[in-house]
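J.: Let me give you the structure first, and then I'll get to my questions.
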Amino acid sequence: MYYGSRAIILKSLDYQDADKLVTIFSEREGKIRAVAKGVKKPKSSLRAVLQPFTHSFLYLSRGRDLDLITQGRLLDFYPRIREDLGSTLYTAYIMELLDKSLVERAPLGPLYNETLQVLNYINDKGAKSLVIRYFEIRLIQELGYRPVLEACAACGQKNLTTRFNLAEGGVLCHDCAGFLKTDFMLSGEAFSLLKFLQRADWKSLDRIKASSEALSSLEQLLEKYLEYHLESRFSLKNTIYQLKKSLPGAFDKG
């Protein structure tokens, strides 16, 4: 069976001879793995089409285990992302997030569109910390792990603290905080920022003002939350942390 779909290239690995095994997030099929034959040859028409975090339209043949990419055309290469170290690494991190969180053959149209939005934003305006956090929250919600912030995640009471419990999936009330583990303590600003980002849209992001402390706190919480629920660690986050220390100017987009 042959089919076509818009697709975001998550990663590609050497496979056999001149072939590559490509993991893509397709609009029609969700995450799939497919073989691109001869793509490592210099004259292959698929070389540019299958670069990581490109947006392409692909034609594929469905296989039992792996699909086969037969043709493709480039829709967007996001050149400004590739010219900036911070933008490149944060975009690669987003691709890693998607690869490790999505199950195969499960279409997620809204998340696909959100991913295109974040790629366009980073290409146009740079990889702002707030935008990466916003995308993480969108991903968490699409996967069904939306944090509980309006009532106690354990008992439903409203007398809330800003103590976050990973297993319960949200903040705790004063009573439950007395006997349940506090995995993360949010500041008042970070808690308000998290609540706002849960209901925000792309148009509102440029109007948000947040301190570096609140953004850092939210980043740490979301990292722990994703690792807990996805049962996976993200190698690029450690790379980003290390480079932030040695090359802070590459990551000061806000």
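J.: Counting each DSSP H run of 4 or more residues in the chain as -39500 (n - 2.57), what helix-only mean residue ellipticity at 222 nm follows after dividing by all residues, to the nearest 500 deg cm²/dmol?
T.: So the helix-based figure for the chain works out to -12000 deg cm²/dmol.
J.: Still on this structure: Please compute the modelled spin-label separation between residue 120 and residue 202, points set 7 Å along Cα→Cβ, answer in nm with one decimal.
T.: According to this spin-label approximation, the distance is 0.4 nm.
J.: Oh, and also: Under a 10 Å cutoff between Cα atoms, tell me which one of 205, 222, 102 has the largest fluctuation in the Gaussian network model of the chain.
T.: Between 205, 222, 102, it is 205 that shows the largest mean-square fluctuation.
J.: Compute the length gained on full extension between residue 192 and residue 15: take 0.36 nm times their separation in residues and subtract their Cα-Cα distance, giving the result in nm to one decimal.
T.: Stretched fully, the residue 192-residue 15 segment lengthens by 59.0 nm.
J.: Once the Cα atoms of helix 129-142 and of the chain are each reduced to a long axis, what angle between those two axes, in degrees from 0 to 90 to the nearest 10, is obtained?
T.: For 129-142 against the chain, the angle is about 90 degrees.
J.: Something else about it: Consider all pairwise Cα distances in segment 147-254 and report the whole-number % of them above 24 Å.
T.: Considering segment 147-254, 33 percent of its Cα-Cα pairs are separated by more than 24 Å.
J.: Thinking of segment 1-77 as a set of Cα atoms, what percent of all their pairs are more than 17 Å apart?
T.: That tail contains 33 percent of the Cα-Cα pairs.
J.: Let me know the volume per residue of the alpha-carbon convex hull for the chain, in Å³.
T.: 138
J.: Right, here's the next one. If the chain between residue 245 and residue 151 were fully stretched, how many nm would it gain, using 0.36 nm times the residue separation less the Cα-Cα distance?
T.: The residue 245-residue 151 span can extend by a further 30.1 nm.
J.: Moving on to the next point. With respect to the cross-link table entries 181/224; 100/209; 37/237; 37/100; 100/244; 100/224, which display a Cα-Cα separation exceeding 21 Å?
T.: 100/209; 37/237; 37/100; 100/244
J.: Still on this structure: Could you list 19, 14 so that the one with the fewest beta carbons within 10 Å of its beta carbon is first and the one with the most is last?
T.: Ranked by crowding around the Cβ, least crowded first: 14, 19.
J.: Contour minus end-to-end for residue 3 and residue 106, with contour as 0.36 nm per residue of separation and end-to-end as the Cα-Cα distance?
T.: Gain in length upon complete extension: 35.5 nm.
J.: Here's another thing I want to ask about it. Leaving out same-chain residues fewer than 8 places away, which lysines sit with a Cα under 22 Å from that of residue 203?
T.: Leaving aside lysines fewer than 8 places away in the same chain, those within reach of residue 203 are 125, 128, 195, 253.
J.: For residue 45, put the label point 7 Å out on the Cα→Cβ axis and report which residues of segment 71-92 keep their amide N under 12 Å from it.
T.: 71-74
Any read-out appearing in this document is the output of simple, stated calculations on the displayed coordinates, not a laboratory observation. Only a predicted model underlies this, so the values are computations on that prediction, with no experimental measurement involved. FYI the Cβ positions are ideal-geometry reconstructions off the backbone, even for glycines, and counts take in every protein chain you see.
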